[in-house]
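> The structure under discussion is supplied below as structure tokens; questions concerning it will follow.
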Amino acid sequence: QFPLGRRLPCDIYWHGVSFRDSDIFSGQVNKFPGMTEMVRKITLSRAVRTMQDLFPLEYNFYPRSWILPEEFPLFVDEVRMLKDSDPSWKPTFIVKPDGGCQGDGIYLVRDPSDIRLAGTVPTRPAVVQEYICKPLLVDKLKFDIRLYVLLKSLEPLEIYIAKDGLSRFCTEPYQEPTLKNLHQVFMHLTNYSLNIHSGNFIHSDDANTGSKRTFSSILCRLSSRGADVKKLWSDIISLVIKTIIALTPELKVYYQSDIPAGKPGPTCFQILGFDILLMKNLKPMLLEVNANPSMRIEHEQELSPGVFENVPSPVDEEVKVAVIRDTLRLVDPQKKKRKDVQQSIDCCKSKAAIRSDCLMCCRCQALERGPEEPQPAGPAALPSLCLKQVFPKYAKQFSYLRLLDRVAALFIRFLGVKGTTKLGPTGFRTFIRNCKLSNSNFSMASVDILYIDITRRWNSMGIDHKESGMCLQAFVEAFFCLAQKKYKSLPLHEQVASLVAFCEYQLAALDEKRLVCGRG
């Protein structure tokens, strides 16, 4: 551990919280710039909602959501309209504070008027979602799944999913929400950090029992009941890939800001925690994504009143050690040059710089063996990888969804100043001019009005006031407006795809013209 940083270059830097080093010029860092901001509840909801606008059927794995406080009036109006159109609809909503974690501040309501207000709007930024009232139950208990996903590379996109995960159980038998049981958190909220304080929480050394189990044990149980486990896994893989596709455009903006093209810098990778809920019909629903999933492999046990001791958690160890070990194997910069596994173990031991705020939760297997035990050699020294590549393996099935990556590329091209994440008015005008989007019906004065209106609205939402200008989300909104003006009769995703192709063609022609002029 290096509390004050490390001057000598390393192969792997392991941070506990977020990417924040400006003095790393080589190697690999286990965090992406901007990831912590991107998976906050509000930002994630916005990213997924944009994809839902483009591809509603493909992104129906995320509950209907509203962002508070700015969408509170919209939330009230939409709920009223839905109730009027279907009087039998009796929804429950779950309110999640934007910056909350471990279940902090989450509560259920039956009506918008029940949301905790100060004056006329909620004081704390939050997301309110339609609560999933019919989850799959095991032993009459609600549970969720924590799956570990390795984002190994952003460009080219490379994604791995761990073959096993954790199932975290509530500690009171589930009943559908009523006014009487809305406040029973041990019945409705699956957060481990909440349920561990329940008197019914069961610590178990068996992966098939207790309040925390392996996901594979749940799959075995479902398979024995005749469930189509292969289809379930396929749906989960699809959910993960689509979610990351929704996040990549803005991650690329953050990445070029912290590590501009042409500047020496590290490459990045990151382990993410996907929290997924299975509905009664086995449809997976995304609850949230964690940028810093807990990698603890022990839990506190009360020996006597007020006296606690950390004891091993075999279920956590079984899943998490494999994830950390195989992540290091996949990002190992020297693996192509090594002739045996012993060198790989030495590399893990000697070349990984661990930052001071990191919880070192697993150790290389070689370090755990006693000195008298000989080191194994050959391919049998380590088990097969627990991480399965899903992208680019299934890239052909999902490439059509990567439309906003191309919009982000246009945005980044016109940022102008390296290291910035917002587009100024001059950059926006240059984009319009170079892509030949202005005409007699859409003058440059109209361009300026569009820029000012959209930028002002996004800035009023409290979106990153560190620098002025148009953020990527605002640019995407402006791009959608332009696409709808130019291609009025097409569905939105075709409008956007047509405008992207048109802009790319115009810019390619401009680049070719500049190249010819340069040669001349």
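> When you go through (1) assigned to a loop (DSSP other than H, G, I, E, B); (2) under 24 Å from the mean Cα position of the chain (by Cα); (3) not hydrophobic (A, V, I, L, M, F, W, C) one by one for T248, which number turns out not to apply?
Status for T248: all satisfied but (1).
> Looking only at helices (runs of 4 or more DSSP H) that fall completely inside segment 442-520, which ones have 3 or more residues that are under 24 Å from Q256 (Cα atoms) and open to solvent by 60 Å² or more (accessible area, probe 1.4 Å)?
Qualifying helices (runs of 4 or more DSSP H): 492-519.
> Looking at segment 398-426, which of the residues that are among the hydrophobic types (A, V, I, L, M, F, W, C) and outside any helix (DSSP H, G or I) is most open to solvent (accessible area, probe 1.4 Å)?
V417
> Oh, and also: Filter segment 131-166 for residues that are part of a strand (DSSP E or B) and of a type in the set (D, E); which is farthest from F32 (Cα to Cα)?
Restricting to residues being part of a strand (DSSP E or B) and of a type in the set (D, E), the top hit is D144.
> Still on this structure, please answer the following. Condition check: under 30 Å from F398 (Cβ atoms), small (G, A, S) and open to solvent by 20 Å² or more (accessible area, probe 1.4 Å). Does S113 satisfy that?
No.
> Any chance you could count how many residues in segment 44-78 are open to solvent by less than 50 Å² (accessible area, probe 1.4 Å) and touching a residue at least 60 places away in the same chain (Cβ under 8 Å)?
Adding up the residues that qualify gives 18.
> Of all the residues that make up segment 216-231, how many are of a type in the set (A, V, I, L, M, F, W, C) and open to solvent by 50 Å² or more (accessible area, probe 1.4 Å)?
Qualifying residue count for the region: 1.
Conditions (1) over 30 Å from I42 (Cβ atoms); (2) modelled with pLDDT under 95, marked per residue:
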site: M461; (1), (2): no, yes
site: F475; (1), (2): no, no
site: H493; (1), (2): no, no
site: V496; (1), (2): no, no
site: A509; (1), (2): yes, yes
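> Follow-up question, since we're still on this one. So which residues in segment 385-397 are buried (at least 18 other Cβ atoms within 10 Å of the Cβ) and either out of contact with any Asp or Glu (no Cβ under 9 Å at 6 or more places or on another chain) or closer than 25 Å to E494 by Cβ (or both), if there are any at all?
Residues satisfying the conditions are V390, F391.
> Does S234 qualify as being assigned to a helix (DSSP H, G or I), surrounded by fewer than 20 Cβ atoms within 10 Å (Cβ to Cβ) and at pLDDT below 95?
Here the answer is no, as S234 does not meet what is asked.
The values are calculated or read from the model by the stated rules, or taken from the named source; none is laboratory data. No experiment lies behind these values; they were computed from the predicted model shown. Virtual Cβ from ideal backbone geometry, glycine too; neighbours counted across all protein chains shown. The area values use the complete protein model at the heavy-atom level, side chains included, leaving out ligands, DNA and RNA. Shrake-Rupley method; radii C 1.70, N 1.55, O 1.52, S 1.80 Å.
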